[in-house]
Amino acid sequence: MSRIGKKPVELPGGVSASVSGQKIEVKGPKGTRSFTATDDVNIAVNDNIITVTPRGKSKRARQQWGMSRTMVQNLVTGVSTGFKKDLEISGVGYRAQVQGNVLKLNLGYSHDVNFAIPDGVTITSAKPTEVSVEGSDEQLVGQVAANIRAWRAPEPYKGKGIKYAGEYIFRKEGKKK
């Protein structure tokens with residue numbers, strides 16, 4: 001039995017869901033998102049509760065049960081509150097700023113890095129050393145944050161680079177004389 005799959009997904013106020021076949025569509029204040037489940041699970045909407053149940057007792061049906069429930073929960077969270085990833089930039093002269101639909105990063109290279117902001121994601125930079133990635137799709141928000149971090153991952157000696165807020169960087173000791 002899937003502990004995650006057994007839990008029902010509750011719809012908060014202002015969020016509605018509709019099911020047609022294996023496709024569920026969730027509408028809320030932050031937009032509309034949809035997910036198509038495999039044929040191994042049933043999705044039902046009753047009142048303000050969404051339930052996901054497996055169609056059989058096969059291993060694949062049980063795997064899809066928990067995964068589909070989590071995907072539905074992410075849809076509901078995305079259209080109601082949204083997802084957010086915060087990045088911190090540390091290093092002398094390293095900074096970021098948003099200009100229109102482009103995030104300009106100065107990361108110690110001989111040129112500025114111009115990162116095009118994809119649709120469905122909002123990037124803000126309150127301070128030159130902080131970048132915030134927000135959106136209703138958890139996968140897209142995480143991927144965009146990872147792509148920004150990949151331009152200059154934090155190094156282990158001084159910790160210079162782009163890291164997630166709250167991320168611990170394992171430090172190494174420098175060489176000795």
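The values are calculated or read from the model by the stated rules, or taken from the named source; none is laboratory data. Because the structure is predicted, anything quoted here is derived from the model rather than measured. A quick note on method: Cβ atoms are made from the backbone with ideal geometry, for glycine too, and the neighbour counts reach across all protein chains shown.
Observations, loosely collected:
- Condition check for E25: more than 27 Å from I148 (Cα to Cα) and either touching a Gly at 6+ places or on another chain (Cβ under 9 Å) or of a type in the set (D, E) (or both): yes
- Matching residues, segment 139-165, being under 27 Å from Q99 (Cα atoms), of a type outside the set (S, T, N, Q) and without any contact (Cβ under 8 Å) to a residue 24 or more places away in the chain: L140, A146, A150, A153
- Residue in segment 111-123 that is part of a loop (DSSP other than H, G, I, E, B), at pLDDT 90 or above, more than 25 Å from E25 (Cα to Cα) and out of contact with any strand residue (DSSP E or B) (no Cβ under 6 Å at 6 or more places or on another chain) present: yes
- All positions within segment 118-138 that are over 17 Å from S90 (Cα atoms) and free of Cβ contacts under 8 Å to residues at least 24 places away in the same chain: D119, G120, V121, T122
- Unique match (being loosely packed, with under 14 Cβ neighbours inside 10 Å, within 30 Å of F35 (Cα to Cα) and out of contact with any His (no Cβ under 9 Å at 6 or more places or on another chain)) among N147, N114: N147
- Selected residue [in contact with a Lys or Arg (Cβ under 8 Å, 6 or more places away or on another chain) and in contact (Cβ under 8 Å) with a residue 60 or more places away in the chain] from V41, V79, V26: V79
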